[in-house]
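Beneath this line is the structure, given in structure tokens, with notes to follow.
Values in this text are rule-based calculations from the coordinates and carry no lab data. All values derive from a computational prediction rather than experimental measurement. Here the Cβ positions follow ideal geometry from the backbone for every residue, glycine too, while neighbour counts run over all protein chains shown.
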């Protein structure tokens, strides 16, 4: 993949959290499946966080 | 002379690679210029010399980027290194030797000509090591912007691959067992089945309505025409019986008289037709209240009413009476809520019909014009009977007015003319045969035939409806006045025939809908079975996340391959129009400018080094951390680098011997390099320089001794 410093710069340029996560996955040389799973994991984390907040 | 050797072992995961000097000779003159292709070992030679001469620990002039590379060579986990360097002076006496014997140990031993170990501190006192890599900032900027362009493009493509992968996954989830889709399909099936049942009921109801209408029209008009046939037959018989009367009617008249008489007969016929047309409506509306007057009106002898109009005025009086009644009725109809609703709907339909081809959604109902018209029609249909009743009354008023008009014309125009001709004596005019009775006989006979045809047609209709001929009258008397047919009483013959046609069409349309629904139900059942038999997908529950992610990937791909690509191209081609910059583009450029400054880090200009904050490629200037603004165009390449390097060599204190290592001087042409060589040679000749190595990238390996 391309120069990692430049990729990092492009990541910083993105405002959308999901776009950043996607580019970070690519930056870390993750496979398509791994990137996909990172999103699933993230969603689960968000749900858990929301559940915890609701029960506080 | 510089004599060296090294061994590098690098773990590249799949294999362990070993490197030794191959292309560049292991012995080089003290002042040398080395040209060579990539991977020929030029930079490795310079890194080794700097490493072996305490380059990482003493007080020396070494660019940070080179220090990083030196550290990478000696301290990386994936590679290990050993080397042996010896430097002799002009008289071939060893001056310095540096060794790193073990691949595993980091220890480097630097000794002088007496084999005495020299520490970093001691070395710094005796030698000034200069290791530099001249840079051309403008070239570097070009490279970096192209690098951004390439990276964006690669990233965009990579995101595109990911989007493709995601697309496939989403497709396979959709193709897999999907409980949501199964539920949706099941719901759809239930909905269509419900609608199918409704359709069936609607067809049954329409068929019942059609049946009632057909029976009503067939029975009623079979009797009506039968009575007419009887009436005409009686009249014809009367004429036939009175032969004397017939002979009396036969005269010779002028052509004008014959024409006028024909016209009068037509007017009488028009009045009779209009009377026949209006009678069923008047009967249905006023049968009880106006029974006697209706009978009077029906029994009026039209011929006598016209010929003896001075004596008879029943037709005019009774017709006007009924017009008045009908008008009052019409006013009362138009005041009803249903009638008003129907009028509003029909007016709206009329207006909207003009604009039905426009793609406009009606606010408040969020419906397109054709759909809204459909909705209005459906609603208006509920008031069809009310409207029909109103229309019948209006039409009947018109029929009655036509009677008055025909009567007026006959009595005021035709009859006086006829009278005038009869009173006038004919003088030499051509006379024609005129049999008044015969004409009347013929007219009556024609009417009787027409009535017979109509009666026979309705008899056939009754037969089709399983009503035998002998039962027709009983049907007419007993069943037709009942509640089943009461709503049809106000309809005229033509309206009833129209209603039959429209019911037939509605049934056909509904049957098409019915068949479509039946087919759709069969399809949905097969589809449901197919969906239920599929295997579930491991990512089934994440479909929604993936769908959202797909949009993110599409947007990002578009951003990288189109938006950012266009922006960076504008920068490269210097075609940015600052006055038309969008916020997004401005932000992008700002990021690029800061990134470029960060990548270049430091910049030397004339004799100073600057830390960079921002490189503005649009305005063509560089902002330094100290707040200075340098113009990119002013940054000389070869010359300023030459001045800088010469400055480095000149500014050295006199007590220390110089060891000068210069890498990648490609951007400096021979003219700009000459002062550097001159200075190096001067220092070497004056014993102020121990070694000077300048390397440069080239297609072929080329070693030049610069000591002489």
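Table for the structure above
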| item | result |
| --- | --- |
| Spacing of the two label points (7 Å from each Cα toward its C-beta) at residue B:292 and residue B:255, in nm | 5.2 nm |
| Gain in span if fully extended, residue B:359 to residue B:452, counting 0.36 nm per residue against the direct Cα distance | 28.0 nm |
| Contour excess over end-to-end distance, with Cα ends at residue B:463 and residue B:78 and 0.36 nm allotted per residue | 128.0 nm |
| Simple label model, 7 Å out from Cα along Cβ direction - residue B:487 to residue B:445, nm | 4.6 nm |
| Normalised contact order of the range B:252-428, rounded percent, pairs of Cα under 8 Å and 6 or more residues apart | 38 percent |
| Coarse-grained scattering of chain B at q = 0.11, 0.12 Å⁻¹, given as base-10 log I(q)/I(0) from a Debye sum over alpha-carbon atoms | -1.20, -1.33 |
| Protection proxy ranking, peptides B:656-663, B:143-150, B:512-519, average beta carbon neighbours within 10 Å, highest first | B:656-663, B:143-150, B:512-519 |
| Degrees between helix B:314-334 axis and first principal axis of chain B (Cα, 0 to 90, nearest 10) | 30 degrees |
| Neighbour-count order for B:509, B:466, B:565, fewest beta carbons within 10 angstrom listed first | B:466, B:509, B:565 |
| Nearest 10 degrees, 0 to 90: helix B:64-75 Cα axis against chain B principal axis | 80 degrees |
| Fewest-first ranking of B:333, B:383, B:171, using other Cβ atoms within 10 Å as the exposure measure | B:171, B:333, B:383 |
| Antiparallel DSSP beta bridges within chain B, percent to nearest 5 | 70 percent |
| Cα convex hull volume per residue for the protein assembly as shown (Å³) | 357 Å³ |
| Scaled radius of gyration (Cα, divided by 2.2 N^0.38 Å) that the range A:4-54 gives | 1.31 |
| Crossing angle, helix B:337-353 versus chain B [Cα axis fit, 0-90 degrees, rounded to tens] | 50 degrees |
| Dimensionless Rg ratio for the range B:388-538, taking C-alpha atoms and the 2.2 N^0.38 Å reference | 2.05 |
| Förster radius 30 Å - calculated FRET efficiency between residue B:562 and residue B:621, Cβ distance, rounded to 0.05 | 0.55 |
| Rg to Rh quotient for the range B:1-158, alpha carbon positions, Kirkwood Rh | 1.03 |
| Full-extension gain in nm, residue B:513 to residue B:200, via 0.36 nm per residue minus C-alpha separation | 111.7 nm |
| Mean Cα-pair separation over length for chain B, i.e. relative contact order, pairs under 8 Å, 6 or more apart, % | 26 percent |
| Hull shadow area, averaged, the range B:252-428 [alpha-carbon convex hull, nm²] | 15.3 nm² |
| Sites residue B:424 and residue B:398, calculated FRET efficiency, Cβ-Cβ separation with R0 25 Å, nearest 0.05 | 0.10 |
| Number of partner chain Cβ atoms within 10 Å, mean per residue of B:39-45 | 0 |
| Residue B:150/residue B:529 FRET efficiency (R0 51 Å; Cβ-Cβ; nearest 0.05) | 0.45 |
| Fraction of beta bridges assigned by DSSP in the protein assembly as shown that are antiparallel (%, nearest 5) | 70 percent |
| Order of B:94, B:365, B:219 under a 10 Å beta carbon neighbour criterion, fewest first | B:365, B:94, B:219 |
